[in-house]
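Notes for the one structure printed next.
The values are calculated or read from the model by the stated rules, or taken from the named source; none is laboratory data. Keep in mind it's a predicted model, so treat the numbers as computed, not measured. So basically every Cβ, Gly included, is an ideal-geometry build from the backbone, and we count neighbours across all protein chains shown.
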Amino acid sequence: MSSPVDKRRSGKHRWEMRTTATKLERSRRHWDRQSPSYDRQMGRIERRFFGDTRQWLCGLAEGEVLEVAIGTGLNLDRYPAGIRLTGVDISTGMLDQARRRAERSGRSVELGIGDAQRLAFPDSSFDTVVCTFSLCAVPDVRAAFSEMDRVLKPGGLLLLADHVVSTSRPVRVVQRLLDLVMVPQAGEHFRRRPIEQVRAAGFELQRHERFKLGMVERLVARSPAS
């Protein structure tokens, strides 16, 4: 017979699962709506803030590569020849755009629906895991990092870039206000910093840059060898 404590724990777990599913579905609908105009919107942001980040990261990919939250496939042309690329995203609209881009470019890529928080791949499946400008919009960033760590082979390469909490106090105030609007509306967070999970998991940082008042951060890291 279940105790009152067990019942409360079970109820809390069910509530957390429903909350996560609701956030995920809201995010899916948001990105489906954004998919037709995403490239145009991102183009303006990239020219102003992100610079050469996609090439800086993706050019280092090696072996079996997984791109988490591949979106419309903006990274496809940045990968070196010879890699074997798999890309997942929660949005069918974004994946449709990525398929069209892959067809135009001739890039071979295996695309499919996938939740960054629960990746449908066995442990130690990939030599490289890539995620660019997407962890900001994942409901549970810790779960997403844990999954990327899990599917990455020991000694594998992690390539991450995102907008993060600024090093400038006035900008942080603006980011806090943006969170109040954008997190409920679109699930997008402006004050995260994924490098904290990378360091806590014992990854070896090989390259790391932070710029634009600390608002953009990109890194190359190796997972522990064993």
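Note on the stretch 208-226: residues that are exposed (fewer than 15 other Cβ atoms within 10 Å of the Cβ), touching a Lys or Arg at 6+ places or on another chain (Cβ under 8 Å) and either over 24 Å from Gln175 (Cβ atoms) or acidic (Asp, Glu) (or both) amount to 1.
Residue by residue, here is whether (1) surrounded by 13 or more Cβ atoms within 10 Å (Cβ to Cβ); (2) at pLDDT below 90 holds:
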| site | (1), (2) |
| --- | --- |
| Arg8 | no, yes |
| Lys12 | no, yes |
| Glu46 | yes, no |
| Gly82 | no, no |
| Leu85 | yes, no |
| Val88 | yes, no |
| Gly93 | yes, no |
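Pairs are defined by a Cβ separation below 9 Å, a sequence spacing of at least 6 or placement on different chains, a first member in the stretch 107-118 that is free of Cβ contacts under 8 Å to residues at least 24 places away in the same chain and over 24 Å from Pro80 (Cα atoms), and a second member that is of a type in the set (A, V, I, L, M, F, W, C) and surrounded by 12 or more Cβ atoms within 10 Å (Cβ to Cβ); no pair meets this definition. Just one of (1) over 19 Å from Arg26 (Cα atoms); (2) among the small types (Gly, Ala, Ser); (3) over 15 Å from the mean Cα position of the chain (by Cα) fails for Ser146. It is (3). When you go through Gln175, Gln197 one by one, which is the residue that is buried (at least 17 other Cβ atoms within 10 Å of the Cβ) and farther than 16 Å from Arg222 by Cβ? None of the other options fit; the residue is Gln175. Every condition in (1) touching a helix residue (DSSP H, G or I) at 6+ places or on another chain (Cβ under 8 Å); (2) modelled with pLDDT of 95 or more; (3) surrounded by 22 or more Cβ atoms within 10 Å (Cβ to Cβ) is met by Thr128 except one, and the failing one is (1). Residues in the stretch 149-160 that are of a type outside the set (Lys, Arg) and more than 9 Å from the chain's Cα centre (by Cα): Asp149, Val151, Leu152, Pro154, Gly155, Gly156, Leu157, Leu158, Leu159.
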